[in-house]
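Each value in this text was obtained by applying a stated rule to the coordinates, not by laboratory testing. Given the structure is predicted, the values throughout are model-derived calculations rather than measurements. Note that each Cβ is placed from the backbone with ideal geometry, even for glycine, and that neighbours are counted across all protein chains shown.
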């Protein structure tokens with residue numbers, strides 16, 4: 001798989017992640033204020049992962065790419081935080097939160113690796 005194909009695959013994957021977050025949010029009982037508040041935070045961070053990745057894929061420099069890709073990892077980590085709060089403080093079942101948490105975890109690993117590899121490449125020039 002070449003770089004362009006990897007970029008397109010990760011664009012699709014982050015878009016699917018955003019869709020999963022939206023569907024999860026729509027399924028929440030937002031009549032409970034705490035769930036509504038945490039759900040909106042989850043929605044914001046979970047959908048921003050893909051938007052930030054799209055920006056990273058259009059970076060004009062290694063430094064810009066690193067900054068954007070690290071933002072992707074931060075947003076995915078924040079998504080996990082909101083899921084943990086929904087699970088632990090709002091009794092949203094682990095079976096509902098775990099698939100999104102797991103995908104966020106995999107995306108974080110991918111973004112961290114991309115950042116590290118770009119830094120190594122940048123430093124070797």
Next item on the list: Considering Cα pairs under 8 angstrom that are at least six residues apart, work out the relative contact order of the chain and quote it in whole percent.
Entry: 25 percent
Margin query: Assuming 0.36 nm per residue, please report the length gained on full extension of the stretch residue 106 to residue 33 beyond their Cα-Cα distance.
Written below: 23.3 nm
Note to self: With 10 angstrom as the radius, rank 81, 53 by how many other C-beta atoms surround their C-beta, starting from the fewest.
What the structure shows: 81, 53
Margin query: Could you give the length gained by full extension between residue 11 and residue 95, i.e. 0.36 nm per residue of separation minus their alpha carbon distance, to one decimal place?
Written below: 27.6 nm
Next item on the list: Order the peptides 67-74, 30-37 from the highest to the lowest mean number of other Cβ atoms within 10 Å of their residues.
Entry: 67-74, 30-37
Check: In bins 5 Å wide, starting from 0, what share of all Cα pairs of the chain does each bin hold, as a percent?
Finding: 2, 12, 21, 22, 15, 11, 8, 5, 3, 1, 0, 0
Check: Between residue 41 and residue 113, what is the label-to-label distance in nm when each label sits 7 Å out along the Cα-to-Cβ direction?
Finding: 3.0 nm
Notebook entry, point to check: How much mean residue ellipticity at 222 nm does the chain get from its helices, if each DSSP H run of length 4 or more adds -39500 (n - 2.57) and you divide by all residues, to the nearest 500 deg cm²/dmol?
Noted result: -30500 deg cm²/dmol
Item checked: Computed FRET value (nearest 0.05) for residue 64 with residue 22, which takes r as the C-beta separation and R₀ as 35 Å -> 0.80
